[in-house]
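Each value in this text was obtained by applying a stated rule to the coordinates, not by laboratory testing. These numbers were taken from a predicted model, which means no experiment stands behind them. All Cβ positions, even for glycine, are placed from backbone atoms using ideal geometry, and neighbour counts span all protein chains on display.
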């Protein structure tokens, strides 16, 4: 396999079929079935993709038709995505957490003619939306479905896999010859941190350009061997779709599918991946869990941990010492082997994307002997724009230099602009927003940043999220929120203060810390009740004051209020990629935050 294959590949399906022909019986997709990991080979995957593609064509689907895909991460998700493209159609992924209203918006906006859904549970809100909208004509159930009444036909996944495999491959090969890099591949709806999700129309070349750039980085810095990815983030998210599916395809790697958050740690040890893509919130959770476990292991373990944390702190600040070699040796003999084992023992790099990674979190994992790479991008750029890499000097206060083949410049107002094949075709059925976002070929990202002296991009904040106080000072909320959630007392936070005299915060206390506090203080463990106690409030205030010590006068958090519950996907206050949704949070807690400015 040559890296130049990516430039030569006319489309994503052609790249996949080429890899399948090269790799044959090697494992491609692996998932746990009946308690055992079972693999699907590249050859068998290609056979199923071609049969599914022809099955879709037999249903009457034509070039350019949209097919909605709703499923948890599993081999069938990847097969369906490839089959939809192989049929000449456009994959339209939707999150498994979508409500009926969310599905209705995507079905209506995309004009989908068919849907693929994994099981009855996920089908329930989707089918209700289909009945309500009345557009899609076909439902394909990966597992058997009870569809009830509706103006659509129901089909079994297994039925679409019937037929002449050789004839199906020939038909797909002929069709793939007509699909060019500029042709649409998928419509990925943004996760909607504010407003209704918009459909981002990505072409084959955009994702191939991402795969090419990322593969060059990985090959140049880590070598290129028998790679394995553990897929955990939703494949309906642009980052996992590109970096967790098509990048492994490009590398000829096998993909293992995690069983879920509750089994993630065990799955990492079982799968033994070489690369893993994770959002910052998960790294924060892993760090907190590791700290808690080590802290319970006695004085020696805590001494070693303190040394590791001090090393991480110095690294984050760029202030290394000559004596650090001794700390490195100590960690190599104690903590690091245990941490590496928890990550399977073969991990080459952990890639963070989707939101800013707090440098302290990244430095912690680096101190534990793991390579951390923070990337940057957005759905509109397919989605990776840049990534840290050892050869460019990893600095986790930055998101690294742009990928090969990507142009980045900074506008006069500090906005990051991106140009290249990776830029989307536009927003589906929304020419006005497309014209605002892509100007003279440059994607206006809405992010504010600059280049450092080494040519790495430094992100300061979202243009629309920046808080401008009543004195005109600009304050980056994500920085403050990241610092708050590193405190053991605080699980989640949102800061506010636009056009106001000072910054305030909405705090979700950490449940484990709260339980320990209530036991130590002889109080009943009741979150709502504890929040009324001055002593409990004072303990949380102490955590905020620790953060304030490292903030400027304008950034300091003067007042805070408690949220009634955590920010979750289910209550609409967090996106599926684990970013907080500011607008819904403000809608619910606006009066509580406003009250912090009175008196």
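Computed from the Cβ-Cβ distance with R0 of 22 Å, the FRET efficiency linking residue 341 to residue 263 stands at 0.80. Could you tell me the distance between the Cα centroids of the stretch 329-388 and the stretch 211-272, to the nearest Å? Comparing the Cα centres of the stretch 329-388 and the stretch 211-272, I get a distance of 14 Å.
Given the chain, what percent of its DSSP beta bridges are antiparallel, to the nearest 5? Bridges in the chain are about 55 percent antiparallel.
The residues 239, 15, when put in order of fewest to most other Cβ atoms within 10 Å, stand as 15, 239. Based on Cα contacts under 8 Å between residues 6+ apart, the stretch 467-597 shows a relative contact order of 23 percent. For the stretch 322-429, a Kirkwood hydrodynamic radius built from all Cα pairs, placed in the Stokes-Einstein relation at 4 °C and 1.567 mPa s, yields a translational diffusion coefficient of 81 µm²/s. Of all DSSP beta bridges in the stretch 467-597, what percent run antiparallel (nearest 5)? Close to 65 percent.
What does the convex hull of the Cα atoms come to per residue for the stretch 1-111, in Å³? Intermediate values should be presented prior to the final figure.
Working: hull volume 14.8 nm³, N = 111.
Each residue corresponds to 134 Å³ of Cα convex hull volume.
Of the two radii for the stretch 467-597, the radius of gyration is 0.96 times the Kirkwood radius, both from the alpha carbons; that is the Rg over Rh value. Separation of the stretch 155-188 and the stretch 504-569, taken as the distance between their Cα centroids, equals 54 angstrom. Considering only Cα atoms, the convex hull volume of the stretch 5-189 works out to 116 Å³ per residue.
Counting only DSSP beta bridges with both residues in the stretch 5-189, tell me the antiparallel percent, nearest 5.
25 percent
Would you please give the FRET efficiency between residue 329 and residue 292, computed as 1/(1 + (r/R0)^6) with r the Cβ-Cβ distance and R0 = 30 Å, to the nearest 0.05?
Efficiency, rounded to the nearest 0.05: 0.70.
Between residue 435 and residue 317, the contour length at 0.36 nm per residue exceeds the alpha carbon distance by 38.4 nm.
Helical content of the chain, expressed as a calculated mean residue ellipticity at 222 nm, amounts to -12000 deg cm²/dmol (DSSP H runs of 4 or more residues, -39,500 (n - 2.57) each, divided by residue number, nearest 500). Using the alpha carbons alone, the radius of gyration of the stretch 82-157 stands to its Kirkwood radius in an Rg to Rh ratio of 0.92. Neighbour counting of Cβ atoms within 10 Å sorts the residues 502, 95, 376, 597, fewest neighbours leading, into 597, 502, 95, 376. Each of 37, 428 has some number of other Cβ atoms within 10 Å of its Cβ, and from fewest to most they run 37, 428.
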